[in-house]
Amino acid sequence: MKNVKIALLLAGISAIGFIAATPYLLAMVGDALAVVPLPLPAVIVLFVVQGSISAFLLAWAGLTLAGKVGLDAPILRNWMYKTGGATFNRQGIVQAVIFGLLGTFMIYLLERLILQPLLPILTEKAQALNTPIWAGVLTSIQGGVYEEVMVRLFMMTLIVWILSKLFGRHSSPKAWMYWIGIVGAAFLFGLGHLPAAATYFGEITPLLFIRTIALNGVAGILFGYLYWKRGLEYAMIAHAIGDILLHGFLS
């Protein structure tokens, strides 16, 4: 029960994030909803409810395993339970901001300098997309909180926990276990975007497959490192900054 309050908090913030992200998601995949035999308000409600339940379960499971492998959301834990004394510090915030900007810069250069010349459909889609900046900015709540709960707190933690059980049963996890968790979770996150990419582009070619994995995974390595070294909260900050820029001002 010691993790329930934090899991509920993360689920509540995720619910707000799902609602806030709705305008952007409708702009991206709105046409695909035409085949869904439900009114749009019902689809949105189901999206928010299902996502919130998922956020709670993933957060609770992730926090339960995290305590066994040296990972955590220490600041939220201190807020909710008054234990540990962890607070935001200037050095950590600066590092999170730098990592968020660096991840954004890498993705932007990869897309503009390498992928767009190879995939003309990217330019066509970018020109056709008419999403307001504010709608893209609002996706940062879902990305910064729910996606970090799902990918870092749950997936990465689970990978590290499994490796520690297999190869380090009588000692703390080794650094290589964390790195495999960081890269593995980032790769799985990229794979999870393939259905949406298929809906958006109509098909998944080898280049689109590589693009989906690369763009959704490269920044995740930075976020995973922050989660490992500083805690989930700093990974959330970096991820939110990336989404504000990529989905908002640079979209």
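The values are calculated or read from the model by the stated rules, or taken from the named source; none is laboratory data. It should be emphasised that the depicted structure is a prediction, and the values quoted were computed from it without experimental measurement. Cβ coordinates were reconstructed from backbone atoms using ideal geometry, including for glycine residues, and neighbour counts include every protein chain displayed. Side chains included, ligands, DNA and RNA excluded: accessible areas come from the protein's heavy atoms. Shrake-Rupley method; radii C 1.70, N 1.55, O 1.52, S 1.80 Å.
Here are the numbers for the structure shown:
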read-out	value
Sorted peptide list for 152-161, 165-174, criterion being average Cβ within 10 angstrom, highest first	152-161, 165-174
Positive-end extreme of charge dipole, the chain - chosen from Gly190, Phe154, Val43 (charges on Cβ)	Phe154
Probe 1.4 Å, protein heavy atoms only - accessible area per residue of the range 107-189 in square angstrom	52 Å²
The range 107-173: C-alpha gyration tensor shape, a/c 1.5 cut-off, then a/b vs b/c	oblate
Taking all pairs of distinct alpha-carbon atoms in the range 163-251, Kirkwood radius in angstrom	14.6 Å
Peptide ranges 94-104, 78-88 listed from the most packed, as the mean C-beta count within 10 angstrom indicates	94-104, 78-88
Nearest-0.05 FRET efficiency for Leu194 and Leu38, computed from C-beta distance (R0 25 Å)	0.55
Cα coordinate range in the chain, projected on the principal axes (Å, largest first)	53, 39, 36
Structure-based [θ]222 nm, the chain - -39500 (n - 2.57) summed over DSSP H runs of at least 4, per residue, nearest 500	-22500 deg cm²/dmol
Ellipsoid semi-axes in whole angstrom, largest first, where each is sqrt(5λ) of the Cα gyration tensor of the range 1-122	32, 26, 12
Inter-label distance for Val4 and Thr83, nm, one decimal - labels placed 7 Å from Cα along Cα-to-Cβ	1.5 nm
Nearest-ten-degree value, helix 4-29 long axis tilted from longest Cα axis of the chain	10 degrees
Relative packing of peptides 45-51, 200-206 - highest average C-beta neighbours within 10 Å first	45-51, 200-206
Leading residue at positive end of dipole, the chain (Cβ point charges), from Phe223, Ala96, Met80	Met80
Dimensionless Rg ratio for the range 64-158, taking C-alpha atoms and the 2.2 N^0.38 Å reference	1.46
Residues of the range 86-103 with amide N under 18 Å of a point placed 7 Å along Cα→Cβ from Lys229	87-103
